[in-house]
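J.: Below is a structure I'd like to ask you about.
The values are calculated or read from the model by the stated rules, or taken from the named source; none is laboratory data. Model, not experiment: these values are computed from the prediction. Glycine gets a Cβ as well: all are built from the backbone with ideal geometry, and neighbour counts include every protein chain shown. Side chains are part of the model used for accessible areas, which takes the heavy atoms of the whole protein and leaves out ligands, DNA and RNA. Shrake-Rupley method; radii C 1.70, N 1.55, O 1.52, S 1.80 Å.
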Amino acid sequence: MTGAGWHIRPGNPGDRELLASFACADPAIRWQVDVEQFIQTQLTDWAFDPHAGDGDPRLLLAFTPAGDLFGVAAHERVILQAGDGTSFPATKLEVVGVALKWQGHSFPTGERASDVLMSAVMTDVSSRVPPRDARVYAIVHEDNHRSLAICHRHGLTEEMSRPHPSYRRMVTPHKAQ
Amino acid sequence: MIAAWPVVVRDRIVHAFKPGGSPTAEGPFRTLRRHEWVSQGVRVTLFADRGLAGQMTFFSSLNIMAARLARRGNAPAAERVARAAADLEAGPEFAVLRSLLSELPGGEAEQVVGGTFPEDGPAALAEALRAVASRTEQVRANDIVLSSPAEVVFAGRIAEVSDGFVLLIQVKGTATMVPLWMAGAAGRDRVGDLLALVADKLDGASAVVEAVPAIDIDDAPVADRFSPFGRGDARTRSITADDVRLLAGEPQSLRILVPVTIGG
């Protein structure tokens, strides 16, 4: 469907070549290159791994009206597991990438490209059956201030433990019981 | 960290591609070659007392994963993993290993590639094998296909040997029983030996389980490497007691800033 100036659709296996040319990284910044390489070389396999269907993996592509791919995102259901066996169903934002020339840019109607993409992700998460809109989280490099700000704007405001000293894990909030 | 042996001979790759067929068959290997689902491998010239003793080609164990991917019909991933294998084989770790293998007497080079380390083998050779294994595990950990749930590796040390089984224990303590004949076929059937079981999924309820020799790479930098992507690293999903307290309770509604419709 078309919004004011964009078109979002689910990805398919035929998008492999399109993703292979998606550029979203400064080659001098390692964690940015990791994101780009994952999108270019592994995301299609991740999304369509026939052995991973239980996680309901979703790949979303965002285009301009002219057909330029300006954003790529993916998410899936996971189980968060504590050492004592406690577990929570959750949704992991696998990757959210905005094309280099759209980073920091807005549509003529005022919406930031990153907000459109992230809104598409949250819309898609909230529409999945069975529901999995509780505990949506993202793992973000600690130096990736732009993504941390996007997470905050879109409601990933709480911080869990770090899976690695260089990476933060942001999650949607809960009301205490 | 205990990992599967990082180098293999051609027959193992053929076996991964056609599990029920003859591992020495030429046809399957030609198919793998034609589609570039296998790397070129590394050729070693072997010497003996009286001069040249022949040549041997060995391969990165990533080729086994490429062959399995090809068998499952995932040709693009098979090509990509075979290219990753070729990159590894062109790297400095393989160059060192190749040089050291060429200095071994008689058939020892073949034995090393097959997973048997000579009792009086040089320390440099053990180090070279660990370096190759370490690089291989780095590639595996960072690749979404190679960390797929379709393939499960259970690597550990043999703690007990009984009449029909060996008890294999992972570093973290999980244990499993392995038929003694499988362990023996991998050349690992004594207490203390390192062995890996690779479960290669066929369909929902069946798998090919292969016992292969393993190596202790004891490589802290590898363990410390982290990728937030993919399903292979449990750290992306493991939580602490503080996280449990944070996540308990009623989730709040998602915040959607821009109305967006997902179309076809």
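J.: Considering each of B:Ala133, B:Ala128 in turn, give the residue that is within 15 Å of B:Leu194 (Cα to Cα) and of a type in the set (Gly, Ala, Ser). Walk me through it before giving the result.
T.: Working: B:Ala128 fails: within 15 Å of B:Leu194 (Cα to Cα).
The unique qualifying residue is B:Ala133.
J.: Let me ask something additional. Take the residues in the range A:145-177 that are of a type in the set (Gly, Ala, Ser) and not in a loop (DSSP other than H, G, I, E, B); name whichever of them is farthest from the other protein chains (Cβ to nearest Cβ). Can you show your working first?
T.: Start the filter on the range A:145-177 by keeping residues that are of a type in the set (Gly, Ala, Ser), which leaves A:147, A:149, A:155, A:161, A:166, A:176.
Then keep just the ones that are not in a loop (DSSP other than H, G, I, E, B); that gives A:147, A:149, A:161.
Details: A:Ser147: 11, A:Ala149: 13, A:Ser161: 5 Å.
Applying the filter and picking the extreme gives A:Ala149.
J.: Also, quick follow-up: So B:Leu46 fits all but one of (1) in contact with a Ser or Thr (Cβ under 7 Å, 6 or more places away or on another chain); (2) closer than 20 Å to B:Asp200 by Cα; (3) open to solvent by less than 30 Å² (accessible area, probe 1.4 Å); what number is the exception?
T.: Every listed condition holds for B:Leu46 apart from (2).
J.: Scan the range A:102-144 for residues that are within 9 Å of another protein chain (Cβ to nearest Cβ), open to solvent by 50 Å² or more (accessible area, probe 1.4 Å) and in contact with a strand residue (DSSP E or B) (Cβ under 8 Å, 6 or more places away or on another chain) and report the count.
T.: 3
J.: Which of (1) open to solvent by 70 Å² or more (accessible area, probe 1.4 Å); (2) among the charged types (D, E, K, R); (3) more than 13 Å from chain A (Cβ to nearest Cβ) does B:Asp193 not meet, given it meets every other one?
T.: Result: B:Asp193 passes all but (1).
J.: Hey, can you tell me all the residues within the range A:21-43 that are more than 10 Å from chain B (Cβ to nearest Cβ) and not in a loop (DSSP other than H, G, I, E, B)? Talk me through it step by step, then tell me what you get.
T.: To start, the set of residues in the range A:21-43 that are more than 10 Å from chain B (Cβ to nearest Cβ) comprises A:21-30, A:32-33, A:36, A:40.
Scanning the range A:21-43 gives A:Arg30, A:Gln32, A:Val33, A:Glu36, A:Gln40.
J.: How do the helices (runs of 4 or more DSSP H) wholly within the range B:7-72 filter down when requiring 1 or more residues that are of a type in the set (Asp, Glu): which remain? Let's see the steps before the verdict.
T.: On the way: elements: B:10-17, B:26-34, B:62-71.
The helices (runs of 4 or more DSSP H) meeting that bar are B:10-17, B:26-34.
J.: Out of B:Val81, B:Val9, B:Val14, I need the residue that is in contact (Cβ under 8 Å) with a residue 24 or more places away in the chain and either open to solvent by 40 Å² or more (accessible area, probe 1.4 Å) or in contact with a strand residue (DSSP E or B) (Cβ under 8 Å, 6 or more places away or on another chain) (or both). Which one?
T.: Just one listed residue meets the conditions, B:Val9.
J.: Go over the candidates B:Val198, B:Val191, B:Val171, B:Val152 one by one and state the one that is β-branched (Val, Ile, Thr), farther than 30 Å from A:Ala52 by Cβ and not in a helix (DSSP H, G or I).
T.: Details: B:Val198 fails: farther than 30 Å from A:Ala52 by Cβ; B:Val171 fails: farther than 30 Å from A:Ala52 by Cβ; B:Val152 fails: farther than 30 Å from A:Ala52 by Cβ.
Sole residue among the options that is β-branched (Val, Ile, Thr), farther than 30 Å from A:Ala52 by Cβ and not in a helix (DSSP H, G or I): B:Val191.
J.: Follow-up. Considering only residues that are among the small types (Gly, Ala, Ser) and not in a strand (DSSP E or B), which ones fall in the range A:44-98? Walk me through how you get there before you give the answer.
T.: Going through the range A:44-98, the residues among the small types (Gly, Ala, Ser) turn out to be A:47, A:52-53, A:55, A:62, A:66-67, A:71, A:73-74, A:82-83, A:85, A:87, A:90, A:97.
Within the range A:44-98, A:Ala47, A:Ala52, A:Gly53, A:Gly55, A:Ala66, A:Gly67, A:Gly83, A:Gly85 meet the criteria.
J.: Checking the structure you have, find out if any residue of the range B:85-92 is of a type outside the set (A, V, I, L, M) and either at pLDDT 95 or above or over 16 Å from the mean Cα position of the chain (by Cα) (or both).
T.: yes
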